[in-house]
Structure formats: structure tokens, C-alpha cells
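*Asks:* Below you'll find the structure I mean.
The values are calculated or read from the model by the stated rules, or taken from the named source; none is laboratory data. Everything numeric here is computed off the predicted structure, so don't read it as measured data. Cβ sites come from the backbone with ideal geometry, for glycine too, and all protein chains shown count toward neighbours. When the accessible area is computed, the model is the full protein with side chains, heavy atoms only, and any ligands, DNA or RNA have been set aside. Shrake-Rupley method; radii C 1.70, N 1.55, O 1.52, S 1.80 Å.
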Amino acid sequence: MVSKAQGVITNITTDQSALLTLKSHISNLDPTHILSTNWSGPASDVCTWTGATCGHRHRRVTALDISTMGLTGDLPPEIGNLSFLVWLNLSTNFFHGNLPQDFTRLRRLKLVDLSFNSLSGDIPSWFSFLPVLQVLYLRNNSFRGLIPPQLSNASKIEALDLSYNAIEGEIPRQVGDLVSLKELTIRFNRLSGSIPLSLFNISGIEQVDLIGNSLYGSLPDSICQGSLPSLEVLYLGSNLLYGEIPGNLSACSNLRFLSLSVNRFTGSIPRDIGNLRQLEILYLGTNNLTGEIPEELGNLTALRQLDMPGNQFSGSITPKTLNISSLQYINLARSNVSGVLPADMCDHLKQLEQMYLNENNIAGQVPTRLYECSSLWALGLSENKLTGPLPREIANSTLLRNLYLTDNELTEFGNFYSLEQLLLPGNNLTGSIPTSLWNVSTLTILSVSQNQLTGNLPPDLGRGLPNLQMLHLWGNNFTSETQELSFITSLTGCRYLTDLSIASNPFNGVIPASIGNLSALQKLYVYSSGLRGGIPDQIGNLRNLSALSLHDNELTGSLPTTLGNLQSLQGLYLYGNKINGTIPSTLCELKNLNQVYLSDNEIYGAIPDCIWNLSSLRNLYLDSNRLDSNIPPSLWLLTDLLRLSLSSNSLVGSLSPEVGKLRAPDLIDLSNNQLSGIIPATLGELQVLTAISLASNRFEGSIPDSISGMLNLEILDLSQNKLSGPIPISLENLQHLREFNVSFNNLSGEIPSGGPFKNFTAESFMSNKGLCGDERYHVPACHKITAARPRRKTKLRIILICLGASAFVLVISILVYGFARYGRKEKAPSSLDLGPNVAPLRVSYRELHEATDGYSDTRLLGSGSFGSVSKELLETETLWRNLCKVIGSCSNQDFKALILEYMPNGSLEKWLYSESLFLDMSQRISIMMDVAFALEYLHHGYSTPIVHCDVKPTNVLLNESMVAHLCDFGIAKLLGHGQNSTQTMTLATFGYIAPEFGLDGRVSMRCDVYSYGIMLMEVFTRTKPNDEAFAGDVSLRSRVNDSMPDSVVDIIDSNLVRPGDELSSLKLDCLRSIMELALNCSVESPNERIGITDVIASLKKIKDQLLAG
């Protein structure tokens, strides 16, 4: 058959050519090799090719279905030549790139399914040119931008699915013009604004699913008034909707599925809902609903799922609600429900499979006739006020698999025969565990912790539990029949056991060597159990172990060298024992070790030099031992260490200046040792430190003035040393300091009286004979001596800043300004003061020409408005770890260049928006801390503050270790002495610029803080502040602000918190804190913005919270 389409003659040969072109664009030639072998031969065979279907009349390709083949490639425009195509299904592959506009030639197309690919770009408006299009599925791709209003011209569309993309903006009101629309599904995008009323004027609409966006506003009372007779599905959950639930939903008489959960609805549940006799699913959870649960819900005779957790109802569950015989699922957890469970509650619930009533105020006893819920397999009644014994009749619930009764007041066990999960911790259970429970072979999880259970654990405890995965018996009074804890040996038959917690029981025995046979074990907790003897070498066989907690026992002997075999170990908790010997060097092989607690033992010798290998270490507690060496310099290479306690040992030597390399420590305790020498001034670089104690050592010299820069310091203890000189008056700047002790030293001079010193007492200063000051300190009054104050020479210090692709002349201007400020008093040095043993590199034009291969395009990294950036190889030294270093320069009449340190991992922007690169949450926090450190250094590190003026992801570069460096100082400004702001005519990047900067050119350090706050939002939402979707009053900041605090999940990068993530709750808490911090950075008034030093402290606390989880 030959046809003429848009002036082009087409035939079956045209179809063959189009399909072969598509085949040539598939980069992996399909993993199954079907297309590579089948799509070949003469044109007459096209109709037999896999996935291709031809019409009987014209013998042209009318359907193409190559879905679910794992194909990778882009879509060529030649597909538009398949002019007879009616059905196109390319779903569930890996196609990428934009959709070619040539698809508009497919005028017969009725179905397009491109879902589950990696297609990108805007949703094409040209879909409106397909006159008979009925089904358009684009879900699970990477489409961005707005929903084109022109789509409403495709008036034949019956089903439209745009779910799981990154679509933004409002739903266009023109959607109401899709008069044939039956199904609209736009789940989990970034839609905002209100739901257009025109949508509810489409009389034939059957399904509206808008779950997981940022839609706001209230639902109109007229939503169902006579115009939606066909509506069966209304899913509006996980948005920002508010107000009361409309009272006339029953007018949508055919409604079967209704979800309004995870919004901000208030008021009571309208009784009118009880008239929705077709309703099968009702989701109203996680709102602010109040009042009683209406008994009219009992009229929903077709209801299968009732989900209303996380509300503030009053009263009890009405008996009528429990009479719905069709119910299969009930969830009213965390809803303030009270009362008792009716004894006959199961009379009508024969189909009930799951019931969750956790965290309520339900009292009374567990119904004895629970077995009459004959389909029940999961029952959650944790954290209520249930009392009495568990009914023995519960054993008749033959399908019951999961029983959750945590934190009630139950007193006795029932009978169990087929359970898989039994949680009974935090009750009042007494006596021993019934023998029958140890023979429930289906059990996977058993927890009876924190009860009053007694008796010997049977030596064959594990033999009847072959499927056991978690066993929690801690916090009882269990004992062992044998000193060797023989019941542990029986657990070797539990091949799937990963979590064993038997702590806080009076076993008073030894750990058997058989512990090493629990090969699947990941967590082992046997603390506070009276354990004696040594830790067996066989512990090293537990190669999957991530947490080992044996603290507060009476263990002796040395640490086994086999601990080095535990390559998965993250937490080692052995404090409060009598362990002796040295710390084995094999411990340094544990690359994942995050927490080490060896305090309060009898360990002696040295801290291993190899400790720097523990790059994941965050908390190190070695206090209260007998260590007697120097602190190894390698310890300070653990730059991410958060807490360090080495107190109460016999450590000697000096405190290395390298201590200043720690990036974000929270606590350092070196007290009660024999350390000597001076306190290094580099301590002042620990600007997020909150507590430090150097008490009871032999330090001498003066208290470093640099400590005044530790603005987050809360506790400072320097008592019982040999310190002399004055207490620096600059310590008055430590606004958060609440505990200060310099007693028993040789200090002299006046005690400061401002700032936190107003709150200190005499105990902070006792036994310093030379101190004077206010009488409340119990020291003599100071004698004022008037004398001319000698002039202090001012030494010029300039930091050489990197410009990226900015103007060479601008750097020279900044430096000249710096010299002019100080040159009047002191002659400028002949070379820039770059730091110890660092001199600027002077490079000739010829050397640069050779190093860049003649400025070859292969060396070109980028270009800007002032020039280009190329890559070369030169040896350098590091000045400040979070600023791009200018190594040197080359300048003559015709050529000017700055030589910068190369950052191999490119820019932060590249990592944020790349389809193949990914930064996890911890990495993003670390990068933003690096940027904050850089800004803090620029703002406060020198007497002349520097304002960067252009903080954004493109100006943040990452080195080989993913350490962030702030670069491109092309529009940076110097603030003169005493200046808080200055004026400029140069504008920064739109979207990041502070209001006062953009409106009147006023520049201050607070401008950088504003830009930093916007970038903080961008990094965790993966949304650019200058995106086209933002216009008028809608901005990235307004969107973040509107999402706080309950809907932050809707605006963050979906890759950070995935469904099923065990740490999702913790991560969301941290993300809320991050967004709150970003909002505090970017308030409109500069005076109300927080300082960059406070930003660092806040981020550090957030990171600590994340790592602790």
C-alpha cells in the first residue's frame, strides 16, 4: 500500500526504514538480542518483526510494542514516518533524551505509552496536534517544566498519566476542556497552586489521582454537585490541602476510592460520607481531624479499607463501625481513640485481615473471642492501656501471624502456635516464658524486653526456632543454667538470626566460644549482664556484625586481635569492664567503624599510630584507662571526628597544633593526663566545638586569644595546670559559654566582667594569686594605672583568592585596595603572605602554552563573561581547604591569566543535575558545611572581611576527596575597617541574589548568607531558584516555606528518601531542620538573618543527628 502523508509518499519500505533507524539508535542492541536478530530482511517481512503489527487492509505498521525489553537509546525523528501507526508502546525500557517533534506526523495515533523510561525535557505541547489521541502515558520519566495548556486541544484524550516526573507549576484550568477525559493521574510531581474547579466539570471523569504534590487550598462544597456521576476514584493525599472536608461528597454517588490523607484538613468527618454506599477505600490519615468518629461510617457496607491514623479524634470506636462485614483493613493508630474493645467485636469482622490501633488510650483486656476474626493475620495494639492476661484463646486465631502489644500493662502470656512476629516489650509480664513459645517454629521476631520475667533460659532455646531473625530478651531477670550460657550455643541452629539482645539480665557467666557460630548475626547486645572472663577469639567469625555491645560487665583479658576480621563493624561498645592489654593494631582495619567506646577499663600502652585508617570514625572514647604514650599525630588526621575523650589516662607530651584540622568536633576531653607545653593557638579554628577540657594537666604559657573565635563553646575547663598571664578579655565574645574553670593556675590581671563572665562565680577562678577584679570573684580589686598605650604595629595579611573565569584586573584591584589600607603604616612586603613556606608561583606564557597543549579545546573546562578556563598539571600546596587556591599568575601586555588548583570532580551543580551522578544526604551536608567554613573564613578570618557576592552551585568545586572549595571571586567585595556594607553596580546571579543587593546594590556579609540559604534549599530539593516555573510571588523559598513542617517530603529531592528506607523518619527530621535553617538564612531583612558561624553550628548538629541514626 502506498499513501501520501503531508506531501511525502510512504509505503511499507518507509516503515522498514523507520524501524531500522530506531534499531540503529538502540545503543545496547537489546539484552535479549531479539531485535538484533529479528529486525532484518526485506520490507515484505516487516509485518512479521517482533513488536510490529500490520493492518490487514493496507499492510502497513499500525502497532509497535517493544515494551519491557531493557532497550537503551534515544528516539529518532524517523518514527514520525510510521504514518499508519495507531498504537505505540515503548514502556519499561531505558530510552532517554527529548521527544522528537516529528511525532506530530502520526495523525492516526490513539495510544502512546512511554512510561518507565528516562525521557527528559518539557512535556511537548505538540501532543495537541494528534487529533485522535486517546491514551497518553508518560509516567516514571524525567520530564520537567509545566503542563502545557495546549494539551487541552487533544479533546479525544481519555486517559492521561504524567506521574513520577518533575513537573512543576499549576494544573492549567484548560484541563476542563478535555471533555472525553476519564482518567487523570499526576502522582508525585511538584505541582503547586489550587486544584482547578474546571476539572470537576468533566461529566465523564472516572479517576482523579493527584497524590504527592504541593497542591494547596480548600476543596469547594460544590465539588460533587450533580456533575460527577461517573467519578469512582478521588486520590488527593500527600498535598497541602486545608479546611474542612466537603459535606456533600455523597453526591459523587459512585465513588469507590477516596484518599485525603497527609494533608491539613481540620474539623470533623462529615456524617454525609456514610451515604457513599459504593465506597471501598477511605483514607483520611495524618490530618488534624477532630470530634467523634461518626457512627454513619457503619453504613459503608462495601468498605474494605479504613485508614485514619494520626488525627485527634475523641471518644471510642463506635460499635456500628465494627459491624462492617466487608472490612479487611483498619488503621486508627495515633488518633486519640479511647474506650475498650468490645467483647463481640469480631462477630461481623470475618474478613478483617489487619487492625492497627497503636498509640491510643484503649483500656481493658484483649477480647477473648479474637479468634472469631477468622481472617486476621496482623493485630497492632502497642502503646495503649491494656491490662490483665493475654487470653489463652488467642491460640485459636490460626491465621494470626503478627501480634504487636508493646508498652501496655499485660501480666501473663497466652498460647501461641503459628505466630511469626510477637512484640510484648514494656509490659508487666512475670514468671517464666512458657515452654511452648520456644517451639513456635514460625517465629521470626520475638521481643519480651523490659518485663519482670525470670527463670533459666533453656539450653535448647533455639532448637525449635529455625526461622528466628530477631530475639530481644533484655531488661528482665533471666539466668542461665550453665556458666557458659549454653542457650547461646543452641542459637547456632537459627541460621537467619541477625539481631540478638539479651542485655541487662543477671547471667553472671562467660561468653561461650560458640558465639562465633552465629554467622548471620549483625547486632549483639549483652551489656550489664555480669559477664566474666575474656572475649573469645571466635568473636572474629561474626563477619556481618555491625554493632557489638558488651559494656558494663566484668570482662577481663585483652582485646582479641580477631576483632580486625569484623569488617562490617560500625559500633564497638566495651566500656565499663576490666579489659587490659594494649589496643590491637588490627582494630585499624575496620574501615566502617563509626563509634569506639573503650572507657573505664585497664587498657595500657599507646594509641595505635594506624588509627588514622579509621576514616569513618566519629566518636572515640578511651578515657579512664592506663594509656601512657604521646597522642599520636595521626589521630588529628581523623578530620571528621565529632567526639574525643582521652581523659583520666597517663598521656604525655604536648598537644599538637594539628588539632586544628578537625573539621566539626563537638567535644574534646583531654583532662587528667600529664600533657605539657603550651595550648596551641590552632584550637581557635575549632569554631563549632561546644565543650573542651584540658584540666589537670601540665600546660603552661598563656591562654590563647584565638579561643575567642570558638563562638559555639559552652564548656571550657583549663583548671589545674600551670597557665600564666591574663584571661583574654576577648573571651567575653563567647555568648554561649555557661561553664568556665581556670582555677588552680598562675593567672594574673583583671578578670573580664562582660558577656558570659557575668554569670560565673568565684569557683571558676580560685587559687590564681595574680587575678583581680570584682569582689564577687573573691579576688582583690584591680589598681588602675593610666599610661600611654604603645602603638601596635599592623602586619599586612592578604589571602589570594581565586577568580575562576573572572577578570584578572579585578583581583589586582582588590589587592591594591588591601595594600592601600595598610601601606600607610607599614611597608608592603615584596611578595604576598600566602602562609608558611608558600610563595606565589610565577609562570611564563610559554610554560602555560605547553601545559595546556596550546590552549587546546581538550583542555577547556569552561568559559565565562571574562574569559575561559583550561586545565594544566602543576605541583601545588594547599592554603585553606575550602577555598580554591590561586597558585600563581602570568601577565604581560597581551595576556593575563590566573593559575588555579584543579578540582577533578567538577562543580556541585554537575553532581546535582547529572542523571548518572548522585550525592547522598550525608555528602550534601558535608559539602554545605565546607561552603559555610569557606564563607566563615572569608567573613571573619582576616581583619578585612571579604564578601563573595556570587554563592551558587556552579562556584562550588569538588576535589578528589569530594571536599568542596568555593571559587570564582570575580565580583567579590572588600569591606573596609568598621564597614558593615558597601555599594556596587555589579549584579550577581538571579535567583541567589539578596533583595537589598538586587534593589539598591548594597553588599554585606549577610548577602552571602542569603545566597547560601537559597543554595541550601537547591541542594536538598534539586530545584534551581531561577527555574522558569518561579514567577511573581512564587519562588523556591516560598515553596519551601509553604511545605514546612509537615510536607517537606513533597519538595525535597525524591532520591534522598525512598519508599521503604529504614531511616526515612530520621532523614525527614533532618531535612526539616535543614529547610528551617535555609529559611533563617534567607529572610528578607538582612538584620534578621543568622550569621554564618551559627549556620555551621546548626549544620553540625543536624549531621550529628543523622550519623547517630
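*Asks:* With the contact rule set at Cα under 8 Å and sequence spacing of 6 or more, what percent relative contact order holds for the range 171-314?
*Replies:* Across the range 171-314, relative contact order equals 17 percent.
*Asks:* Here's another thing I want to ask about it. Over the range 1-157, what relative contact order in percent results from Cα pairs under 8 Å that are six or more residues apart?
*Replies:* 16 percent
*Asks:* Could you name the aspartates and glutamates in cross-link range of Lys973, using Cα to Cα under 16 Å and dropping any fewer than eight places away on the same chain?
*Replies:* Hits, sequence-local ones excluded: Glu936, Asp950, Glu996, Asp1000, Asp1008.
*Asks:* So, one more: In whole Hz and in residue order, list the ³J(HN,Hα) couplings for the range 139-144 that follow from phi through the Karplus curve 6.51 cos²θ - 1.76 cosθ + 1.60, θ = phi - 60°; x for Gly and Pro.
*Replies:* My calculation for the range 139-144 gives 5, 6, 10, 10, 5, 10 Hz in order.
*Asks:* Percentage of Cα-Cα pair distances in the range 76-116 greater than 13 Å, rounded to whole percent?
*Replies:* Everything past 13 Å amounts to 54 percent.
*Asks:* Placing +1 at every Lys and Arg Cβ and -1 at every Asp and Glu Cβ, with all other atoms neutral, what dipole size does the chain have around its Cα centre, in debye to the nearest 20?
*Replies:* Magnitude of the dipole: close to 1900 debye.
*Asks:* Strictly over 28 Å apart at the Cα level, which of Lys591/Lys952; Lys591/Lys1024; Lys523/Lys1067; Lys722/Lys1101; Lys591/Lys661; Lys523/Lys1103 would you flag in this model?
*Replies:* Lys591/Lys952; Lys591/Lys1024; Lys722/Lys1101
*Asks:* Spin-label point model (7 Å from Cα, Cβ direction): what's the Ser325 to Glu602 distance in nm?
*Replies:* About 7.4 nm separates the two model spin labels.
*Asks:* Separate question: Each residue of the range 88-105 in order: what ³J(HN,Hα) in whole Hz does its phi give by Karplus 6.51 cos²θ - 1.76 cosθ + 1.60, θ = phi - 60°, with x for Gly and Pro?
*Replies:* Per-residue couplings from phi come out as 10, 10, 10, 5, 6, 9, 10, 5, 9, x, 7, 7, x, 5, 4, 4, 5, 7 Hz.
*Asks:* Along each of its three principal axes, how wide is the spread of alpha-carbon positions in the range 656-719, in whole angstrom units, largest first?
*Replies:* Result, largest extent first: 26, 18, 17 Å.
*Asks:* Only bridges whose two residues both fall in the chain count here: according to DSSP, what percent of them are antiparallel, nearest 5?
*Replies:* Of all bridge pairs located within the chain, approximately 15 percent are antiparallel.
*Asks:* For Met1044 paired with Gln312, estimate the spin-label separation in nm (one decimal), with each label point 7 Å from Cα along the Cα-to-Cβ line.
*Replies:* Roughly 2.1 nm, to one decimal.
*Asks:* Now a separate question. Could you work out the relative contact order of the range 629-738? I mean the mean sequence separation of Cα pairs under 8 Å and 6+ apart, divided by the number of residues, in percent.
*Replies:* 21 percent
*Asks:* Let me ask something additional. Considering only Cys1081, Ser418, Phe765, whose Cα is most displaced toward the positive end of the charge dipole of the chain, charges sitting on Cβ of Lys, Arg (+1) and Asp, Glu (-1)?
*Replies:* Positive-end residue among those listed: Cys1081.
*Asks:* Label-point separation (nm) for Leu637 and Lys591, each offset 7 Å from Cα along Cα-to-Cβ?
*Replies:* Once both label points are built, they end up 1.5 nm from each other.
*Asks:* A further question on this structure: Along the charge dipole of the chain, Cβ charges K/R +1 and D/E -1, which of Leu276, Ile607, Gly725 sits furthest on the positive end?
*Replies:* Gly725
*Asks:* With a 1.4 Å probe and every protein chain kept in, tell me what percent of the accessible surface of the range 385-442 is carbon plus sulfur.
*Replies:* So the carbon and sulfur contribution to the accessible surface is 46 percent.
*Asks:* Full extension from Ile34 to Ser418: what is 0.36 nm times the residue separation minus their Cα-Cα distance, to one decimal in nm?
*Replies:* Full extension of this stretch gives 133.5 nm more.
*Asks:* Could you give the radius of gyration (one decimal) and Dmax (whole number) of the Cα atoms in the range 987-1109, in Å?
*Replies:* 14.8, 49
*Asks:* Something else now. Just to check I understand the Karplus step: with θ = phi - 60° and J = 6.51 cos²θ - 1.76 cosθ + 1.60, what whole-Hz values come out for the range 726-733, glycine and proline as x?
*Replies:* x, 7, x, 5, 5, 5, 5, 6
*Asks:* Treating each Cα of the range 312-454 as an identical point scatterer and ignoring solvent, apply the Debye formula and state log10 I(q)/I(0) at q = 0.11 Å⁻¹.
*Replies:* The Debye formula, applied to the Cα set alone, gives -0.37.
*Asks:* Once amide H atoms are placed 1.01 Å from N in the peptide plane, what residues at a sequence separation of 5 or more from Arg1022, or on another chain, have their amide H within under 5 Å of its amide H?
*Replies:* Answer set, sorted by chain and number: Asp1053.
*Asks:* Residues with amide H under 5 Å of Tyr356's amide H, sequence separation 5 or more or different chain, H placed in the peptide plane at 1.01 Å from N; which?
*Replies:* Ile330, Asn331, Leu332, Gly380
*Asks:* Need the C-alpha centroid separation for the range 713-765 versus the range 322-377, integer Å.
*Replies:* Cα centroid of the range 713-765 versus Cα centroid of the range 322-377: 63 Å apart.
*Asks:* Between Asn467 and Ser441, what length in nm is gained on full extension when 0.36 nm per residue of separation is reduced by their alpha carbon distance?
*Replies:* Extra length from Asn467 to Ser441 when fully extended: 8.7 nm.
*Asks:* Over the range 624-744, give the accessible area per residue in Å² for a 1.4 Å probe, as an integer.
*Replies:* 36 Å²
*Asks:* Quote the charge dipole size of the range 1004-1109 about the Cα centre in Debye, to the nearest 20; the model charges only the Cβ of Lys and Arg (+1) and of Asp and Glu (-1).
*Replies:* Roughly 300 debye, rounded to the nearest 20.
*Asks:* Picking from Leu531, Thr989, Gly217, whose Cα lies most toward the positive end of the charge dipole for the chain (charges on Cβ: Lys, Arg +1; Asp, Glu -1)?
*Replies:* Going by the Cα projections, it comes out as Thr989.
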